[in-house]
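Shown next, in structure tokens, is the structure this report addresses.
The values are calculated or read from the model by the stated rules, or taken from the named source; none is laboratory data. Computed from a prediction, not measured in an experiment: that's the story for all the values here. Glycine gets a Cβ as well: all are built from the backbone with ideal geometry, and neighbour counts include every protein chain shown. Protein only, heavy atoms only, side chains kept; ligands, DNA and RNA dropped before computing areas. Shrake-Rupley method; radii C 1.70, N 1.55, O 1.52, S 1.80 Å.
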Amino acid sequence: MTIENAAAYQKEAIALLTAENLPVDDLSENLPDFFVAIEGSEIIGVAGMEVYGNYGLLRSVAVLPSRRGQGIAGKLVGQVESAGKQKGLSALYLLTETAADYFKNKGYAQIDRAQVPTAIQISSEFSHVCPVSAIVMEKEL
């Protein structure tokens, strides 16, 4: 398995996200700061971030159902975190309805929505794509 920038795999990455019922309508066209896990010629996972000033919004983490439990999501999240550090970001934020325990094990802490920097709060993901019932988490880089 290799992890590569998702720009050359836009259609496949979006197809995987769509199949996993993750929002795609507001994604940037060329998926900057997104990564895919590839095995052979198949996209088996995707994860990315959106950059807002000194902060990143981790989003769109998905792995093919047949490949879950093999550490693929962890490698993708690690790649996103490394990219965030290289960009000098101070923290990553995420919204989740289903994976709070998973991200807690990856070092993310649940926080109140009011603690999220304004730059993240005005993102489409935060302001209207994810429901207000979603759990907000943060990890300092």
Exercise for review: For n ≥ 4 DSSP H runs only, could you compute -39500 (n - 2.57) per run for the chain, divide by its residues and tell me the 222 nm figure to the nearest 500?
Suggested key: -7000 deg cm²/dmol
Check your understanding: Rounded to the nearest 0.05, what FRET efficiency is calculated for GLU12 and ARG113 with R0 set to 35 Å and r the Cβ-Cβ distance?
Key -> 0.60
Point to revise | Protection proxy ranking, peptides 102-111, 29-38, 53-62, average beta carbon neighbours within 10 Å, highest first | key: 53-62, 29-38, 102-111
Study note, to complete from the structure: So, with points 7 Å from each Cα along the Cβ direction, the GLU20-GLU4 label distance in nm works out to 1.9 nm
Study note, to complete from the structure: Diffing segment 20-29: the Karplus 3J(HN,Hα) column from phi (6.51, -1.76, 1.60, θ = phi - 60°), in whole Hz with x for Gly and Pro, holds 8, 6, 9, x, 10, 4, 9, 6, 5, 4
Practice item. Determine ³J(HN,Hα), in whole Hz, for all residues of segment 112-118 in sequence, where each value follows from phi through the Karplus function 6.51 cos²θ - 1.76 cosθ + 1.60 and θ = phi - 60°; x replaces Gly and Pro. Key: 6, 4, 5, 7, 6, x, 3
Exercise for review: Mind counting lysine pairs for me in the chain? Cα separation below 19 Å, and the two need to be 8 or more apart along the chain or on different chains.
Suggested key: 10
Review point. For VAL132 and TYR102 in the same chain, what is the full-extension length gain: residue separation times 0.36 nm, less their Cα-Cα distance, in nm?
Key: 8.8 nm
Practice item. May I ask you to list the residues of segment 1-45 whose amide nitrogen lies under 12 Å from a point 7 Å from Cα along the Cα→beta-carbon direction of VAL51? Key: 32-34
Exercise for review: Return the carbon/sulfur percentage of the accessible area of the chain, one whole number, probe 1.4 Å, all protein chains in place.
Suggested key: 47 percent
Practice item. Just need the relative contact order of segment 1-73 here, percent rounded to a whole number, with Cα pairs under 8 Å and 6+ apart. Key: 29 percent
Exercise for review: List the residues whose amide H sits under 5 Å from the amide H of PHE34, counting only those 5 or more places along or on another chain, with H placed 1.01 Å from N in the peptide plane.
Suggested key: ALA6, MET49
Check your understanding: Tell me, what are the semi-axes, in whole angstrom and largest first, of the equivalent ellipsoid of segment 1-102 as set by the roots of 5 times the Cα gyration tensor eigenvalues?
Key -> 20, 15, 14
Exercise for review: Take every Cα pair under 8 Å in segment 1-131 that's 6+ residues apart, average their separations, divide by the length, and report that relative contact order as a whole percent.
Suggested key: 21 percent
Check your understanding: What accessible area per residue, rounded to a whole number of Å², is obtained for the chain using a probe radius of 1.4 Å?
Key -> 52 Å²
